[in-house]
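Take a look at the structure below.
All of the numbers you see were taken from the coordinates with simple rules; none came from a lab. Since the structure is predicted, the reported quantities are computational estimates derived from the model, not experimental observations. Using ideal geometry, Cβ is built from the backbone for each residue, glycine included, and neighbour counts are taken over all protein chains shown.
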Amino acid sequence: MMYAGSEGQGDLIADDLKQALEIITGLTVWQGCLKYSGGGRLEAKGAAAVLLEQDRVSDETEIVEHRAQVAAALSLDRVPVSEVVARLRNAVIRTKPDHLVVTESADDYESLFGEFAPSDNPGWR
């Protein structure tokens, strides 16, 4: 499964639709997790996942229950966040050279791995 965002980033995010949905329901903040990955570092992604998830749950307390309901309705496996983070990182790493996302004018999309690290966000210090 490929993801192509409106801001010009795009990469492989999962091997199939089921895995993509497990990522999305298991870690609704997956895009932010990649943004704050420090260039794709697993430990930065893991830290970002924890911090982003805390922010999301404090803003939307019902999100945990809603994700569980969606996962159950779609017969998805509930995957631990650490595994979701690892799966997502491994998929993005495999994007090049065989799975490029390109624009209509044949320009490559940028990687979903952002250069920011969790320590770059003043709200998380």
Give a residue-ordered list of calculated ³J(HN,Hα) values for segment 52-67 (Karplus: 6.51 cos²θ - 1.76 cosθ + 1.60, θ = phi - 60°; whole Hz; x for Gly, Pro).
5, 5, 4, 4, 5, 5, 5, 7, 9, 4, 7, 4, 4, 5, 5, 4
Quick one: among ALA47, ALA68, ALA20, which has the greatest mean-square fluctuation in a GNM of the chain with alpha-carbon springs under 10 angstrom?
ALA68
Report the label-to-label distance for LEU17 and MET1 in nanometres (one decimal), using points 7 Å from each Cα along the Cα→Cβ vector.
1.0 nm
Over segment 2-119, what relative contact order in percent results from Cα pairs under 8 Å that are six or more residues apart?
44 percent
Classified through the alpha carbon gyration tensor (a ≥ b ≥ c as square roots of its eigenvalues; rounded if a/c is under 1.5, else prolate when a/b is larger than b/c, else oblate), the chain comes out oblate
Any chance you could run the full-extension gain for LYS96 through ALA72? It's 0.36 nm times the residue separation minus the Cα-Cα distance, nm to one decimal.
5.3 nm
Among SER75, SER105, SER58, which one shows the biggest mean-square fluctuation in a GNM of the chain, springs joining Cα atoms closer than 10 Å?
SER105
